[in-house]
1. Is the shape of the range 130-247 rounded, prolate or oblate, going by the alpha carbon gyration tensor and its root eigenvalues a ≥ b ≥ c, with a/c under 1.5 for rounded and a/b larger than b/c for prolate?
2. Could you tell me which of rounded, prolate or oblate describes the range 77-202, using a ≥ b ≥ c as the square roots of the eigenvalues of the alpha-carbon gyration tensor, with rounded for a/c under 1.5 and, failing that, prolate when a/b is larger than b/c and oblate otherwise?
3. Using only helices, what value at 222 nm comes out for the chain when you add -39,500 (n - 2.57) per DSSP H run of length 4 or more and divide by the total residues, to the nearest 500 deg cm²/dmol?
4. Expressed in nm to one decimal, what extension gain is obtained for the pair K146 and M47 from 0.36 nm per residue of sequence separation less their Cα-Cα distance?
5. Just the number, please: carbon plus sulfur as a percent of the accessible area of the chain, 1.4 Å probe, no ligands or DNA/RNA counted.
6. Which of G185, G231, G144 moves the most in a Gaussian network model of the chain with Cα springs under 10 Å?
7. Could you rank R60, R40 by how accessible they are, 1.4 Å probe, largest area first?
8. Just grab the label-to-label distance for S236 and R174, each label 7 Å out from Cα along the Cβ direction, in nm (one decimal).
Amino acid sequence: MMMSKVALVTGGIRGIGGKISLRFLLEHYQVIAVDTDADRLKEWVEMQRAAGFAKADVIRCDVSDYSQCQDAVSTLLKQYGHIDVLVNNAGITRDATFKKMDKSQWDAVIQVNLNSMFNMTKPVLDNMLANQRGRIINISSINGQKGQFGQTNYSAAKAGVHGFTKALAQEVARKNITVNTISPGYINTEMMQAIPTDVLEAIVAQIPVGRLGEADEIAELALYLASDKAGFITGSNIAINGGQHMY
C-alpha cells in the first residue's frame with residue numbers, strides 16, 4: 001500500500017484553514033490541524049472522525065513560539081515519519097490606524113502572521129530536505145499586495161510572506177520542494193458574515209465578479225499546489241480576489 005501523504009495545516013480548524021484541512025482529508029491525506037485552543041481541537045477532530053475521516057489529527061501549538069513549533073513537529077515526525085505538505089495559514093488581526101496602534105498590536109500580528117513562517121517552516125523543512133520532496137503553501141492576503149487602511153501591521157506581515165516565499169523557493173527548488181503563496185481577497189467566512197450588512201455590501205461592490213470568494217475555492221488551489229502536477233510552480237503568488245486587485 002502507498003503511504004499516506006501527511007499535510008500539516010496551521011490555523012487548520014476554522015475558516016479558510018478548516019476548508020483546506022477538509023479538502024486534504026477528502027483526498028485521503030493524513031491531516032494534522034494546528035491551533036492553540038485545546039477544546040476546539042478536540043471538538044474538531046471528534047467531528048471529523050465521526051464523519052468518517054479517520055486520518056484527521058490535531059496538535060496544540062502556538063505558532064508564534066519557536067520552541068513549541070519545534071516540539072510539535074518533532075512529536076509529529078515520531079508519529080508519522082514525514083511531513084509532505086505544510087500550509088502556513090495561521091493569522092490574526094489587531095486593526096488600528098498607525099497613529100493609534102500600540103506596540104503590542106504590532107508585535108502580536110508580526111509574531112503570529114510572519115514570524116510563525118520561520119517557526120513552523122524551519123523544523124518541517126529539515127524533514128523535507130532529507131526526503132528530497134515537499135510542498136510549502138503560505139497563505140497571504142490581498143492586503144499584503146495593496147495595503148489596507150488601519151492594517152499597517154497586518155499588511156506588513158502579509159507582504160513579508162511574499163518575500164519569504166520567493167527567497168525560500170530559490171533555495172530548495174532543486175530538492176523537489178516547491179514554495180508558493182496564495183493571496184485571498186474577501187472570503188465568505190464567519191468573520192466576514194459578522195460584518196454589518198451595509199459595510200459588506202460596500203465591500204462586494206468593489207469586487208468585479210460581484211461576490212465574496214468561498215473558502216472552498218482557496219482549498220482547491222491549495223490542493224493543486226500540493227499535488228505532483230504543480231511541480232513546476234514555485235516562488236509564485238496566486239491571487240484569488242475576484243479581480244479586486246490585479247497586477
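1. Note, shape of the range 130-247 comes out prolate.
2. Values: a/c = 2.28, a/b = 1.98, b/c = 1.15.
Prolate shape, in that a/c is at least 1.5 and a/b is the bigger ratio.
3. Values: 10 runs with 115 residues, N = 247.
After summing the helix terms and dividing by the residues of the chain, the value is -14500 deg cm²/dmol.
4. Working: separation 99, 0.36 × 99 = 35.64 nm, distance 3.76 nm.
Between K146 and M47, full extension yields an extra 31.9 nm.
5. Ligands and nucleic acids excluded, carbon and sulfur give 54 percent.
6. Residue with maximal mean-square fluctuation among G185, G231, G144: G231.
7. Values: R60 155, R40 75 Å².
Correct descending sequence by accessible area is R60, R40.
8. Placing both labels 7 Å beyond Cα along the Cβ direction yields 2.3 nm.
The values are calculated or read from the model by the stated rules, or taken from the named source; none is laboratory data. The structure displayed is predicted, hence computed values, not measured ones. Every residue, glycine among them, receives a Cβ derived from its backbone with ideal geometry; neighbour counts consider all protein chains shown. SASA here: full protein model, heavy atoms, side chains in, ligands and nucleic acids out. Shrake-Rupley method; radii C 1.70, N 1.55, O 1.52, S 1.80 Å.
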